[in-house]
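Each reported figure results from applying straightforward, stated rules to the coordinates on display, with no laboratory input. Model, not experiment: these values are computed from the prediction. Virtual Cβ from ideal backbone geometry, glycine too; neighbours counted across all protein chains shown.
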Amino acid sequence: MPTVETNGIQMYYEESGEGEPLLCLMGITAPGSVWELHVEAWSKDFRCIMPDNRGVGQSDKPAGPYSSRMMADDTAGLLDALGLDRVRVIGCSMGSIIAQQLALRHPDAVRSMVLMCPWARCDRYATGVFEHIKHAKAKLSAAEFMNFIQLLIFAKPHWDDDAAYEELMQIQVDIAADPAPQPLHGLEAQAEACIHHDVLVELPQIACPTVVIGGARDIFTPPWMGEEIAAAIPGAERHLYPDAGHAFHWECMDDFNPRIAEWFRQH
């Protein structure tokens with residue numbers, strides 16, 4: 001298994017494709033392998049690197065606290081170990097806060113970045129959602145917890161589509177059979193990192209080309225969160241999918257995958 005020692009942990013990662021590197025940072029609860037259907041498209045142009053964040057997957061899962069700064073330093077250490085600099089970066093949800101901190105703390109490491117369903121700070125609503133995620137993980141079965149996450153991240157049109165609904169139900173079945181689920185302490189520590197991420201006043205320091213992208217029906221990280229990031233980062237581009245939620249990259253994959261590949265080819 002490919003791992004590197006970074007910032008006091010062993011970090012697992014996978015790679016696919018050849019060409020210039022594209023670092024893919026996934027969100028809370030999810031290992032890097034969740035990028036699979038996106039990387040199938042992007043690996044035609046890029047060397048896609050998909051780490052498991054601290055606290056999930058096959059990376060180390062030490063006790064908390066975690067922070068977005070800590071996880072950005074984890075990632076910077078991975079890049080150093082691979083001999084990479086000036087990489088393209090895409091971060092989804094929690095991955096977007098890691099990407100923000102990577103661009104702030106290690107600016108020479110980031111050539112350009114895409115921030116998916118991001119936030120620069122949590123308000124009381126977002127804090128309440130992350131707190132409830134911790135409680136749900138502690139009390140629900142794996143399938144029930146996945147159903148709760150799906151309700152947060154997929155918008156109504158996706159639930160109304162028969163084929164998509166069958167896929168959601170199958171994911172619940174599959175997750176119940178996962179031999180190595182994320183431990184509760186790993187989820188709790190990741191959630192705390194999400195809650196305490198607060199970089200809005202620092203974002204004007206980011207100089208790399210940036211796209212802020214999301215779904216207009218996102219109830220998890222609502223569009224205002226991306227709007228204030230796009231307004232704060234000089235020259236940032238903004239795109240919203242009108243009928244999609246937090247998981248817009250699944251709901252709109254036929255547009256999202258080529259859109260991102262083309263943007264990274266240009267930046």
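The set of residues in region 204-215 that are within 20 Å of C122 (Cβ to Cβ) and within 18 Å of the chain's Cα centre (by Cα) comprises V212, I213, G214, G215. Scanning region 19-31 for residues that are in contact with a Phe, Trp or Tyr (Cβ under 9 Å, 6 or more places away or on another chain) and farther than 21 Å from R86 by Cβ gives M26, I28, T29, P31. In region 17-57, the residue that is surrounded by the most Cβ atoms within 10 Å (Cβ to Cβ) out of those that are of a type in the set (S, T, Y) and in a loop (DSSP other than H, G, I, E, B) is T29.
Note on region 177-231: residues that are free of Cβ contacts under 8 Å to residues at least 60 places away in the same chain, outside any loop (DSSP other than H, G, I, E, B) and farther than 27 Å from S59 by Cβ total 7.
Can you name every residue in region 145-157 that is within 17 Å of I28 (Cα to Cα) and assigned to a helix (DSSP H, G or I)?
So the first thing to find is which residues in region 145-157 are within 17 Å of I28 (Cα to Cα), and the list is 145-154.
Passing the criteria: F145, M146, N147, F148, I149, Q150, L151, L152, I153.
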